[in-house]
Amino acid sequence: MRLVVTNMNLGLWAAAYIKEKINDFQPTSEKPFVLGLPTGGTVVDMYANLRLFYKEGLVDFQNVVTFNMDEYAGLPPDHPQSYHSYMRRHLFDEVNLRPENTHILNGLATDPQAECDAFEAQIAKLGGIDLFVGGVGQNGHIAFNEPGAAFNTRTRLVELTPDTRQANARFFNNDQSRVPATALSVGIGTVTDAKEVLFLASGEKKAKAVARLMQEGQDLKWPLTALKLHPKATLLADPQACSLLTGTPRQTLDRLMSEQPNEAHWTLETEEA
Ligand code: GLP
């Protein structure tokens, strides 16, 4: 995998990357581009840029199929903080994605495991996800796979840690008790099965997770480190999210940034996959 560090707006960088991937793929209705999508504060700018690219005619979502990573259990789709609402606000209502081509887990499913199994089956039927885009939790979670989740997990009902509920309380009037305690989430295996993954980490709150990622090996306590097993994975980060890097990655990044100060981004490869 590679770490790409940029001073540019991460959302613009990621949206431009997604646009290129879709355009290069030349999707058709028989062979659509399958895109895994995240929610959260980090990717708000990414969606703003995707909407802009769409309005400018630079990208077309007609033959794009989307799968969202997760949804809070117990929140109706029209709850303002459900990920259904988030996606409508930030993307679905503004671009030409066909409603039948968008997939979000139903947080109200009476049989959550059946809901999760059907979601996996829909992904498989399309031949897998071409690009899975994600954010990173402060504790290193990916989707809602909290520390300790096995790297081969599939879509399922999960419990959120107090840390995650606290981090997301800002979307629920700063009241942690209002943040659902469980969610439906793709598994780490669902993410790493994608043909390509792009994760975004911005700000100092993500620095511990990024630092652990760039140390040797994988670590079940830091789900983000599962990305190192993927041959085509990118973590896109700003310098603040890299503020706790140590050892060789720190030295390499400092050297690249001082030798090529005007580059749009700097790339560090990890020795694993
Ligand atoms: C939630 C989502 C994660 C996301 C995380 C980061 O917990 N389930 O998929 O990565 O938020 O959120 P933010 O970008 O707001 O820091």
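Computed from the coordinates by the stated procedures, all read-outs in this text should not be read as laboratory data. These numbers come from a predicted model, not from an experiment. Don't worry about glycine lacking a Cβ; one is built from the backbone with ideal geometry, like all the others, and counts go over all protein chains shown.
Some points to look at:
- Full extension of the chain between residue 254 and residue 8 yields a length gain of 86.9 nm, computed as 0.36 nm times the residue separation minus the alpha carbon distance.
- Convex hull of alpha carbon positions in region 1-140: directionally averaged projected area 9.3 nm².
- Expected 222 nm ellipticity per residue - DSSP helices of 4 or more, -39500 (n - 2.57), all of the chain, to 500: -8500 deg cm²/dmol
- Choice from 38, 249, 162 showing the highest fluctuation, given a GNM over the chain with Cα pairs closer than 10 Å: 162
- GNM flexibility winner over the chain from 24, 117, 130 (Cα, springs under 10 Å): 24
- Student exercise, the chain dipole from Lys, Arg, Asp, Glu Cβ charges, in Debye to nearest 20: 280 debye
- Short to long, the 10 Å bins of the Cα pair-distance histogram for region 134-273 hold 12, 40, 32, 13, 2 percent of all pairs.
- Counted charge near residue 77, where neighbours are those whose Cβ lies closer than 10 Å (Asp, Glu -1; Lys, Arg +1): -1
- Candidate lysines - alpha carbon under 27 Å from residue 232, same-chain residues fewer than 8 apart omitted: 19, 21, 31, 125, 195, 205, 206, 208, 221
- Total formal charge among the other residues, if their Cβ is under 13 angstrom from that of residue 209, Lys/Arg +1 and Asp/Glu -1: +2
- Since only 251, 25, 36 are under comparison, the one whose Cα sits farthest along the positive direction of the charge dipole of the chain, derived from C-beta charges on Lys, Arg, Asp and Glu, is 251.
- Near the amide H of residue 66, within less than 5 Å, lie the amide hydrogens of 35, 102, 103, all on another chain or at least 5 residues away, with H placed in the peptide plane.
- Those GluC sites (Glu not before Pro) in region 200-266 that DSSP places in a loop and that have at most 15 other beta carbons within 10 Å: 216, 263
- In the chain, taking the dipole from charged Cβ atoms about the Cα centre, the farthest positive-side position among 82, 95, 58 is held by 82.
- Rounded Å value of the spacing that divides the Cα centres of region 140-186 and region 78-125: 17 Å
- Spacing of the modelled spin labels on residue 113 and residue 173, each 7 Å from Cα toward Cβ, amounts to 3.6 nm.
- Normalised by 2.2 N^0.38 Å, with N the number of residues, the alpha-carbon radius of gyration of the chain equals 0.96.
- Of 43, 210, 64, the one that fluctuates the most in a GNM where the chain has Cα springs shorter than 10 Å: 64
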